[in-house]
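Asker: This structure is in structure tokens; I'll ask about it shortly.
The values are calculated or read from the model by the stated rules, or taken from the named source; none is laboratory data. These figures come from a predicted structure and were not determined experimentally. Positions of Cβ are backbone-derived with ideal geometry, glycine not excepted, and every protein chain shown enters the neighbour counts. Surface areas here come from the heavy atoms of the whole protein model, side chains and all, with no ligands, DNA or RNA. Shrake-Rupley method; radii C 1.70, N 1.55, O 1.52, S 1.80 Å.
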Amino acid sequence: MAYIAPSILASDFTNLSQQIRMAEIGGADFIHCDIMDGHFVPNLTFGPIIVKAARRITKLPLDVHLMIENPDKYLEEFASAGADMLTVHQEAVIHLNRTINKIKELGMKAGVALNPSTPVKTLEYIAEFIDHILIMSVNPGFGGQVFIENSLKKIKEAAELRKNLNTDFLIEVDGGIDTETIKRAYDAGCDVFVSGSSIFKADNISAAVVELKNLIK
Ligand code: DX5
Ligand code: ZN
């Protein structure tokens, strides 16, 4: 199965409910929320308050991507805000095993994100315990950046790891996903496609989701 996760980072926040509604009409599978703290990444976005608002707007699973230092401090807050999937960065967590267990105890799906320079191999001993691996295909921090080609190799490596471990985590790709890159990521073995600009900056948000979905059937 392939899933589209529109990232509201690129949406018009003065009209968030209408924007999410449009993405739903197009067939969005998850709603991706990018949390940035100005430390782990050089940008600030929003926190649990907006996740809570999104929770009231949609019944779709909320896929919350924490680009923050010390994410352990905020796991409960995102759980009670209504996150369904919580992703922490490998580079931001010291005791990944403990963090993953905590996310799962709080009733959420647990994921680990990798910056472009972090090898898939670093997840070898945690992969069987997680629900998804997020391959960053841009340097995290901003929407609208160009897809890094090496990410395709990492998606393949993640698919290989999944096969070798005989496990079932989802492989998610995030950054620079558009009508051109999505197909290649799909062919490399990816399952979840995060897309911000190419959906929310389009003239017709619903049609943009439909177009992306049609490319991964
Ligand atoms: C980047 C974020 C992405 C971002 C993707 O740090 O994690 O989710 O919103 O945006 P586009 O699709 O515009 O690259
Ligand atoms: Zn993201």
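Asker: Can you compute the FRET efficiency between residue 44 and residue 128 using 1/(1 + (r/R0)^6), with r the Cβ-Cβ distance and R0 = 30 Å? Round to the nearest 0.05.
Answerer: Step by step, r from the Cβ atoms, then E = 0.30.
Asker: Using the scaling law 2.2 N^0.38 Å as the reference, what is the normalised Cα Rg of the range 33-93?
Answerer: Rounded to two decimals, the normalised Rg is 1.05.
Asker: Grab the DSSP H runs of the chain that are 4 residues or longer, score each as -39,500 (n - 2.57), total them, divide by all residues and round the 222 nm result to the nearest 500 deg cm²/dmol.
Answerer: The helix contribution divided over the chain gives -10000 deg cm²/dmol.
Asker: Can I ask one more? For the range 167-217, what is the accessible area per residue in Å², given a 1.4 Å probe and the full set of protein chains?
Answerer: 41 Å²
Asker: For the chain, with all protein chains present and a 1.4 Å probe, just round the carbon and sulfur fraction of the accessible area to a whole percent.
Answerer: The C+S portion of the solvent-accessible surface of the chain is 51 percent.
Asker: Okay, moving on. Take the chain, compute every pairwise Cα distance, and split them into 10 Å bins from 0; I just need the percent in each bin.
Answerer: 9, 38, 39, 14, 0
Asker: With a probe of 1.4 Å, find how much accessible area the range 1-72 has per residue, and write the answer as a whole number in Å².
Answerer: 43 Å²
Asker: Could you tell me what % of all Cα pairs in the range 1-117 have separations over 21 Å?
Answerer: The proportion of pairs with Cα distances above 21 Å equals 34 percent.
Asker: For the range 174-217 and the range 25-52, what is the separation of their C-alpha centers, rounded to whole Å?
Answerer: Result: 18 Å between the Cα centres.
Asker: Under the definition of Cα pairs under 8 Å and six or more residues apart, what whole-number percent is the relative contact order of the range 1-65?
Answerer: 36 percent
Asker: Right, something else. Contact order normalised by length for the chain, with contacts defined as Cα pairs under 8 Å and 6 or more residues apart; what percent is it?
Answerer: 23 percent
Asker: Antiparallel DSSP bridges in the range 26-168: what percent, to the nearest 5?
Answerer: That works out to approximately 5 percent antiparallel.
Asker: Listed highest first by mean packing, meaning other Cβ atoms within 10 Å per residue, what order do 107-114, 145-152 come in?
Answerer: The packing order, highest mean first, is 107-114, 145-152.
Asker: Need one number: nm distance between label points at residue 203 and residue 18, each 7 Å from Cα along Cα→Cβ, rounded to one decimal.
Answerer: Result: 1.8 nm between the two label points.
Asker: While we're here: For the range 1-128, what does the relative contact order come out to in percent, with C-alpha contacts under 8 Å and a separation of six or more?
Answerer: 19 percent
Asker: To continue, here is another question. Only bridges with both residues in the range 1-78 count here: give the DSSP antiparallel percent, nearest 5.
Answerer: So the antiparallel bridges amount to about 10 percent of the total.
Asker: Under the 0.36 nm per residue contour assumption, what length would be gained going from the current alpha-carbon distance of residue 91 and residue 145 to full extension?
Answerer: In short, 17.4 nm is gained.
Asker: Of all the Cα-Cα pairs you can form in the range 140-217, what percent are over 21 Å apart?
Answerer: Counting every Cα pair in the range 140-217, those more than 21 Å apart make up 29 percent.
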